[in-house]
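Chemist: Shown below is the structure under consideration.
The values are calculated or read from the model by the stated rules, or taken from the named source; none is laboratory data. It should be emphasised that the depicted structure is a prediction, and the values quoted were computed from it without experimental measurement. Methodologically, a virtual Cβ is constructed for each residue, glycine included, from the backbone with ideal geometry; neighbour enumeration extends over all protein chains shown.
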Amino acid sequence: MKKKTQLTKLAWMQAGFRALTQEGLSGVKVEILARELKVSKGSFYWHFKNIDALKVTMLEHWQAAATQDIMQQVLNTDIEPQRQLENLLKLATDSADSSAYGGVGVEAAIREWARTSTQVQTLVIKVDVIRLDFVKRLLTATGQSSSTANRNSNLIYSALIGLQYLGHQDSVKPQQDLLHLLSLVLASTS
C-alpha cells in the first residue's frame, strides 16, 4: 500500500508562489496546485479555509521572509554599515533558495499582483517604505547626509526592482550590478 504524502503549509505556500511566478494570479488555484503537488485537494483544506486564506498567508510570509528576516540578519552582524549594505544586497539577490518559491521572479510577480488588488498594493507600498527606510538608515550610518541617503536609497531600491524584472536576461547579474551601484553611491558624497 502506498503511503500518502503529507504536505506542510509551507509546501502549499511555495507551490502558490511558483504558480504566481509562472502563471500569474490565475495559476493560484487549489486544483492547479494540488495537481502540481500530486495530492488531493483535501490536503489543501487541511491547512487553509479557502484560496483567499492561502493568498493572505503567502503575502504575510513574503513580508516576513523577504523583508523582516533579511533586515534582522543584516542587523545581527557586528560590522560597519558599508558591509551591512553589501550583505543586504547579497541577501536580497541570493537565488540559492528562491527556486522553491518560483525563482527570482517572485517579487516581480507580487508587484504585478498588486496592480489588480488594492490589498496587495497596500502591502507592497508598506514593504517598500520599510525597505527604503532601512537602506536610508544604513546609508546615513556611512556618513551620508539625510538628503543624499534618501536619494541613494531610492536609486538602489529602484535598481533592485528593475533588475528583478530583467533577471531573465543573461547579461543581467543583479547581485554584481547592485554591488557595483552601491560602490558608486558610497563614493558620492553630495
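Chemist: Scan segment 81-127 residue by residue and report those that are touching a residue at least 60 places away in the same chain (Cβ under 8 Å), not in a helix (DSSP H, G or I) and not small (Gly, Ala, Ser).
Modeler: The answer is 94, 116.
Chemist: Of the numbered conditions (1) in contact (Cβ under 8 Å) with a residue 12 or more places away in the chain; (2) surrounded by fewer than 19 Cβ atoms within 10 Å (Cβ to Cβ); (3) among the charged types (D, E, K, R), residue 136 fails exactly one; give the number of that condition.
Modeler: That leaves (2) as the condition not met.
Chemist: Identify, by number, the condition in (1) more than 25 Å from residue 129 (Cβ to Cβ); (2) in contact (Cβ under 8 Å) with a residue 60 or more places away in the chain that residue 21 doesn't meet.
Modeler: Here residue 21 clears every test but (1).
Chemist: Answer yes if at least one residue in segment 167-188 is closer than 30 Å to residue 12 by Cβ, without any contact (Cβ under 8 Å) to a residue 24 or more places away in the chain and either in contact with a Gly (Cβ under 8 Å, 6 or more places away or on another chain) or not hydroxyl-bearing (Ser, Thr, Tyr) (or both), and no otherwise. Give the steps one after another, and end with the answer.
Modeler: Let us first name the residues in segment 167-188 that are closer than 30 Å to residue 12 by Cβ, namely 167-168, 174-175.
Those left that are additionally without any contact (Cβ under 8 Å) to a residue 24 or more places away in the chain: none.
So far as segment 167-188 goes, no, none of its residues is closer than 30 Å to residue 12 by Cβ, without any contact (Cβ under 8 Å) to a residue 24 or more places away in the chain and either in contact with a Gly (Cβ under 8 Å, 6 or more places away or on another chain) or not hydroxyl-bearing (Ser, Thr, Tyr) (or both).
Chemist: Now for a separate question. Go through 104, 120, 127, 135 for me and flag whichever is within 12 Å of the chain's Cα centre (by Cα) and at pLDDT 95 or above. Show your work before the answer.
Modeler: Values: 104 fails: at pLDDT 95 or above; 120 fails: within 12 Å of the chain's Cα centre (by Cα); 135 fails: within 12 Å of the chain's Cα centre (by Cα).
Going through 104, 120, 127, 135 in turn, just one is within 12 Å of the chain's Cα centre (by Cα) and at pLDDT 95 or above: 127.
Chemist: Moving on to the next point. Select, from 49, 38, 29, 90, the only residue that is surrounded by 13 or more Cβ atoms within 10 Å (Cβ to Cβ) and either modelled with pLDDT of 95 or more or at positive phi (or both). Even if it seems obvious, please write down each step before you answer.
Modeler: Values: 49 fails: surrounded by 13 or more Cβ atoms within 10 Å (Cβ to Cβ); 38 fails: surrounded by 13 or more Cβ atoms within 10 Å (Cβ to Cβ); 90 fails: either modelled with pLDDT of 95 or more or at positive phi (or both).
Exactly one of 49, 38, 29, 90 is surrounded by 13 or more Cβ atoms within 10 Å (Cβ to Cβ) and either modelled with pLDDT of 95 or more or at positive phi (or both), namely 29.
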